[in-house]
Structure formats: C-alpha cells, structure tokens
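Below you'll find the structure, written out as structure tokens, and then a few comments.
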Amino acid sequence: QAKADGGGCLRVFEPGMDEKLRTRRALTADLRQAVERQELTILFQPQVSTATRRIKGAEALLRWYHPTRGLIGPDTFIPLAEETGLIVPIGAWVLEEACQIARGWQGLNLAVNVSPIQVRQVGFVATVERALAHSGLPPERLELEITEAAMLANTADTLAVLSRLRSLGVRLAMDDFGTGYSSLATLQRFRFDKIKVDRSFIRHVENDPKAIALLRAVIAMGSALDVITNAEGVEDEGQLSMLRAEGCEEAQGFLFGRPMSAAEFQVQAGLQDVQAA
Ligand code: C2E
Ligand code: MG
Ligand code: MG
Ligand code: MG
C-alpha cells in the first residue's frame with residue numbers, strides 16, 4: 001500500500017503531505033456515499049432587484065454535513081468531486097432536487113451552479129431536460145451559472161451544448177465575471193443572459209475609483225449586449241446604492257440574505273404553501 005502511493009517516501013521529507021493525502025482519500029470515499037446517505041443539502045440565497053429589493057429568485061448552494069467532520073463547504077469538496085468525476089452524479093442530484101423545490105416558488109427563478117466537467121459530460125443536456133420534466137419547473141425559470149473555465153476547453157463542443165441548453169429555454173449566467181479570462185467576445189459568442197460580477201469587485205466599489213470604473217465598464221458592456229448584470233457579495237447599503245446608481249439590475253449578498261434552507265427562503269420570499277403549489 002505504502003509502495004503504491006509513495007506514502008513511505010513522502011513521510012520522510014514532508015510529514016504534512018501524507019496526512020493531507022490521507023484526508024483527501026478519506027473525504028473522497030465519504031463523498032462517494034454522501035448522496036445516498038443524505039448528507040448533502042442545498043441552501044438558497046436570494047437574488048434581488050436593486051431597484052425594488054424584491055426577490056427575483058435564488059441561487060442553489062450546496063453544503064455537505066459530514067457525520068464526523070461537520071459542515072464542509074463547496075470550496076473544499078467541489079474540487080474533489082471534479083477530480084474524481086463524482087461531480088456528475090452530485091450535480092445531477094442538485095439539479096433534480098433544486099428544481100423540485102423551486103417548482104413551488106410561484107414564478108421565482110432558480111439558479112444552479114454547473115461545473116465545467118458537467119458541461120463537457122455527454123449526457124448533460126439530457127440531465128437538465130430530465131430535471132425539468134420530473135419537477136415540472138418551466139425552463140425559463142431555470143438559470144445555469146457557469147464559470148468561464150467551461151469555455152476555455154473544447155470550444156466547439158461547448159458552444160453546441162450551450163446552444164442546446166438555450167433551445168430548451170434555460171437561461172445562462174456567467175459566474176465570477178472578472179476573475180479569469182472572460183471577455184466581450186466570450187460573452188457574445190456563447191450568448192449569455194446574465195453576467196455575475198465577482199464579489200472581489202463589489203467589495204471595493206465604494207472607495208476604489210478603479211473598482212468603480214471596472215464595474216461601470218461591465219454594466220455598459222452588459223447593456224450593449226442585452227445582458228443583465230448581477231453583483232455578487234453585496235454586504236451593505238452603500239454598495240447597494242452605488243450599484244443602483246450605476247444601473248446594475250440585480251444583486252445578491254449577505255445584505256439581503258445568507259444562503260438559507262428552502263423553508264427559510266420560502267418565508268423570506270413570502271411564498272405560501274410550497275408543498276401544494
Ligand atoms: P459562487 O457560485 O460564486 O457562489 C457565491 C458564493 O459567495 C457562495 O459561497 C456564497 O455563500 C458566497 N456569498 C454570497 N453572498 C456573499 C456576501 O455577501 N459576502 C461573502 N463574503 N460571501 C458571499 P459558497 O456557498 O461557499 O459556494 C462557493 C462556490 O462553490 C460557489 O461560488 C460555486 O462556484 C460552488 N458551488 C456551490 N454549490 C455548487 C453546486 O451545486 N455545484 C457546483 N458545481 N458548484 C457549486
Ligand atoms: Mg454561482
Ligand atoms: Mg460567483
Ligand atoms: Mg465562485
């Protein structure tokens with residue numbers, strides 16, 4: 001065993017490394033069973049109109065309640081799931097589950113994060129179609145959030161997949177805009193419906209002229225292309241009024257609500273009797 005994974009060598013020079021590897025392996029093994037054991041939960045974070053503060057919908061954010069390690073956030077386990085391919089069944093589960101829940105939301109939208117690995121997987125469009133069919137959620141109410149990493153590889157295939165998704169009626173949002181290589185060309189080529197400006201830009205928007213200039217440019221670009229802009233990570237009123245003044249349509253952040261359970265979201269959004277809807 002030690003020979004197979006090189007653990008014996010690593011232990012001599014880098015004691016921390018071996019431990020890390022062991023933890024990763026243990027976590028991966030646990031993650032494999034997390035869905036069946038019902039350890040995964042989806043939280044929902046409100047997305048609001050900056051003009052009215054009314055809730056337009058929510059973004060589904062995955063959490064893992066590990067039986068012994070406690071709460072594990074997606075930044076820790078999504079990369080593991082991507083490396084092992086587990087993101088495919090997990091992602092399919094998120095789509096099924098979140099669409100079922102959002103079916104009762106009386107017109108509000110649901111945004112679901114999608115990994116580049118899922119987009120490149122052969123059955124992805126069918127998975128989305130199935131989740132819509134099973135839940136009865138109208139396609140126009142589902143938005144898929146994709147980071148630009150999905151665009152970098154395999155461009156022709158990705159383009160085909162995205163256009164098939166669009167013809168289902170599903171909308172597309174480019175997540176974490178500004179953190180990678182996204183460009184005007186990418187946005188136009190893949191015909192996104194929404195840009196989500198990364199929260200690193202929003203954080204400094206009140207006092208950093210460069211952050212403001214960048215935000216303005218993104219909003220102008222969005223409106224030229226008929227793309228809605230969403231500001232991520234809005235935490236205070238000052239940021240909100242700045243965003244409103246600059247013409248950013250949509251916002252999301254702790255100011256309006258942290259990621260919360262479906263039941264809590266139902267209350268905050270003023271929805272009635274989700275089960276019966
Ligand atoms: P993301 O899609 O960019 O989600 C936004 C993240 O910012 C969330 O972190 C959210 O909790 C956090 N956030 C929202 N508002 C605020 C704020 O006002 N201040 C601060 N400081 N943070 C805020 P979270 O839930 O830990 O998710 C991290 C990332 O994990 C997500 O980034 C997304 O890329 C990924 N992720 C989450 N759920 C899924 C999923 O079901 N599938 C896939 N493929 N990825 C997921
Ligand atoms: Mg997202
Ligand atoms: Mg984001
Ligand atoms: Mg992110």
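Fully extending the segment from Ser200 to Ser163, taken as 0.36 nm per residue of separation minus the present Cα-Cα distance, adds 10.3 nm.
Lysine pairs in the chain 8 or more apart or on different chains: how many have alpha carbons under 22 angstrom apart?
Close lysine pairs found across the chain: 4.
The Cα center of the range 47-120 and the Cα center of the range 216-234 differ in position by 23 Å. Compared with the direct C-alpha span, the chain from Met17 to Ser261 gains 84.2 nm at full extension, assuming 0.36 nm per residue. Here's the picture: a label point sits 7 Å out from the Cα of Gln268 along the beta-carbon direction, and within the range 95-134 the residues with their amide nitrogen under 15 Å of it are 109-111.
Going from the residue with the fewest nearby Cβ atoms within 10 Å to the one with the most, Thr50, Thr84 rank Thr84, Thr50. Expressed per residue, the C-alpha convex hull volume of the range 103-242 stands at 113 Å³.
I need the fraction of alpha carbon pairs in the chain separated by more than 31 Å, rounded to a whole percent.
In whole percent, the long-distance tail amounts to 32.
Roughly how tilted is helix 155-168, in degrees to the nearest 10 and between 0 and 90, from the longest Cα axis of the chain? Rounded to the nearest ten degrees, it is 60. The C-alpha atoms of the chain define a longest principal axis, and helix 209-224 lies at about 70 degrees to it.
Read-outs: derived from the displayed coordinates by stated rules, not from any lab. The structure displayed is predicted, hence computed values, not measured ones. As a convention, Cβ positions derive from the backbone with ideal geometry for all residues, glycine included, and neighbour counts pool all protein chains shown.
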